[in-house]
Structures are given as structure tokens and as C-alpha cells.
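Everything on this sheet refers to the single structure shown next.
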Amino acid sequence: MIRIVIAEDHALFRSGLKQILSLEKNLNVEGEAGSSEEAFILCAKLNPDLLLLDISLPGMNGIEAIPRFREICPQMKILIISMHGNAEYVRSAFKAGANGYLLKTADSNEFFLAIQTVLAGNQYVSTELTSSVITMFLHNEKEENLLETLTAREQEILVCVAKGMSNKEIAQELVIAEKTVITHRTNFMRKLSLHNVREIVMFAIRHNLIPME
């Protein structure tokens with residue numbers, strides 16, 4: 001019997017998942033949680049085989065919570081079930097330690113296929129996302145190489161900019177001249193081919209340099 005915990009803040013959707021899972025005799029929902037904190041407690045108590053995890057949870061979101069789940073239940077498989085179809089979310093989820101990523105628009109056949117795939121020890125990506133995810137992975141592999149070209153100070157200032165700090169605030173925070181901040185900022189933007197603050201923020205999120213929020 002495969003023991004499952006569902007972490008999803010919408011009770012109606014949780015109920016729908018339970019109903020679908022009840023169609024398979026070897027799948028049993030042992031616990032439900034409406035937040036990551038509740039799910040931490042359940043997983044520690046039940047040590048389930050599979051966690052069905054939403055991203056948009058109150059408090060700590062699902063992606064941020066994955067490393068903690070990995071500490072609590074190292075062998076547990078984690079299947080993200082989300083409404084977010086952005087490939088950057090998918091990449092962040094897998095980088096955090098998820099085993100699969102399924103969109104909430106998937107039908108029951110794909111739902112069971114995703115479960116079987118992750119339980120077998122393989123990764124699963126929703127069929128609607130496959131091409132965009134592959135493109136994103138290739139793009140980010142190139143970006144990872146570019147990130148390595150930055151100096152420690154350039155990376156530090158990149159993170160500060162992504163957090164919304166001004167050049168003056170960064171200079172005060174790092175106890176350096178504002179002109180030095182501008183120089184490093186210009187250098188890392190040139191190296192990474194970034195053109196504005198929005199692109200800097202998205203780059204930082206993709207590489208887990210700042211939280212997704």
C-alpha cells in the first residue's frame with residue numbers, strides 16, 4: 001500500500017484528489033494539510049511514501065518547504081501539483097528536490113502516470129510543460145556557466161539589486177563607495193546580458209539567489 005499525504009490549502013481540491021486516488025486500491029491518503037507547517041508535522045509522524053505538494057501554500061511556500069521535507073523524510077517522493085505553468089517554477093522545484101511537477105489541469109490518467117513515475121524513482125514533468133521546460137533547462141545551464149564568471153562582490157551586489165536596494169543603500173550595506181557599486185553592477189549586467197532590474201530579479205530567482213516572492 002502506497003501511503004500519501006496531501007499538502008494543499010484548498011479543501012475542495014484536496015477532496016477531489018482524494019476521490020481520484022480512491023480509484024486505485026494500492027493508494028491510500030493517510031493525511032491532509034492546509035499549510036507546509038501542518039505537512040511537516042504529518043510527514044514526521046506518518047513517514048509517507050509520497051507527498052502531493054502545492055506551491056501556493058500559506059506561510060512557507062511549497063518550493064521553499066521541499067528541503068525541510070527532505071530532512072524529515074529523505075526517502076519520500078515529492079510530486080508538485082500546481083496551477084503555475086511557468087518553467088522557472090518547474091526548475092526551482094526540481095532544484096529544491098522535487099521528483100515531479102504536474103499541472104492542476106492534467107487529467108486523471110496523467111495524474112496516475114505522474115505518481116507511478118515518481119514512485120519508480122524517475123522524474124516527471126507535466127506533458128503541457130515538456131518543451132518549455134527543456135528550453136528553460138538548456139538556457140539555465142548556459143546561465144550557470146555565466147554565473148561562475150562573476151566575482152564574489154559582483155554576485156553580492158547582484159543579490160542586493162534583486163532585493164530592491166538602491167546603489168546608495170548597497171554602498172552603505174557593504175561599506176564601499178557608491179561609484180564602486182555602480183562599476184560592479186555594470187560589470188555583472190554586461191557579463192550576464194541583463195538590461196534592467198526586472199531581468200536581474202528573474203535571474204536571481206532562477207538561480208535561487210533570492211526567494212521566489
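The values are calculated or read from the model by the stated rules, or taken from the named source; none is laboratory data. None of the values given here were measured: they were computed from a predicted structure. Because the Cβ atoms are built from the backbone with ideal geometry, glycine has one as well, and the counts that use them run over all protein chains shown. Side chains are part of the model used for accessible areas, which takes the heavy atoms of the whole protein and leaves out ligands, DNA and RNA. Shrake-Rupley method; radii C 1.70, N 1.55, O 1.52, S 1.80 Å.
Kindly indicate which of Gly31, Gly85, Gly62, Gly97 is on the phi > 0 side of the Ramachandran plot and not polar (S, T, N, Q).
Details: Gly31 fails: on the phi > 0 side of the Ramachandran plot; Gly85 fails: on the phi > 0 side of the Ramachandran plot; Gly62 fails: on the phi > 0 side of the Ramachandran plot.
Going through Gly31, Gly85, Gly62, Gly97 in turn, the sole match is Gly97.
Taking the numbered list (1) in contact with a Leu (Cβ under 9 Å, 6 or more places away or on another chain); (2) surrounded by fewer than 16 Cβ atoms within 10 Å (Cβ to Cβ) in turn, Leu119 passes all entries but (2). Only one entry of Asp49, Asp54 meets the criterion of being acidic (Asp, Glu) and over 19 Å from Thr127 (Cα atoms), and that entry is Asp49. Scanning the stretch 61-92 for residues that are at pLDDT 90 or above, open to solvent by 30 Å² or more (accessible area, probe 1.4 Å) and not basic (Lys, Arg) yields Glu64, Pro67, Glu71, Ile72, Pro74, Gln75, Met83. On inspection, Glu24 does not qualify as at pLDDT below 95 and either surrounded by 17 or more Cβ atoms within 10 Å (Cβ to Cβ) or closer than 19 Å to Val125 by Cα (or both). Scanning the stretch 150-193 for residues that are open to solvent by less than 70 Å² (accessible area, probe 1.4 Å), out of contact with any Phe, Trp or Tyr (no Cβ under 6 Å at 6 or more places or on another chain) and in a loop (DSSP other than H, G, I, E, B) returns Thr151, Gly164, Met165, Ser166, Ile176, Ala177. Could we say that Ser132 is in contact with a helix residue (DSSP H, G or I) (Cβ under 8 Å, 6 or more places away or on another chain) and either modelled with pLDDT of 85 or more or more than 30 Å from Leu192 (Cβ to Cβ) (or both) here? For Ser132, the condition - in contact with a helix residue (DSSP H, G or I) (Cβ under 8 Å, 6 or more places away or on another chain) and either modelled with pLDDT of 85 or more or more than 30 Å from Leu192 (Cβ to Cβ) (or both) - is not met.
Output the residues belonging to the stretch 194-203 that are outside any loop (DSSP other than H, G, I, E, B), at pLDDT 85 or above and closer than 13 Å to Leu147 by Cα. Scanning the stretch 194-203 gives a single hit, Ile200. Taking the conditions exactly as written (buried (at least 16 other Cβ atoms within 10 Å of the Cβ), of a type in the set (A, V, I, L, M), outside any loop (DSSP other than H, G, I, E, B) and at pLDDT below 95), does Leu102 satisfy them or not? Yes: the conditions hold for Leu102. Being open to solvent by 50 Å² or more (accessible area, probe 1.4 Å), closer than 23 Å to Gly62 by Cβ and modelled with pLDDT under 90 is a property that Ile210 lacks. Looking at the stretch 142-149, is at least one residue open to solvent by less than 60 Å² (accessible area, probe 1.4 Å), among the β-branched types (Val, Ile, Thr) and either out of contact with any Phe, Trp or Tyr (no Cβ under 7 Å at 6 or more places or on another chain) or at pLDDT below 95 (or both)? Checked the stretch 142-149: no residue is open to solvent by less than 60 Å² (accessible area, probe 1.4 Å), among the β-branched types (Val, Ile, Thr) and either out of contact with any Phe, Trp or Tyr (no Cβ under 7 Å at 6 or more places or on another chain) or at pLDDT below 95 (or both).
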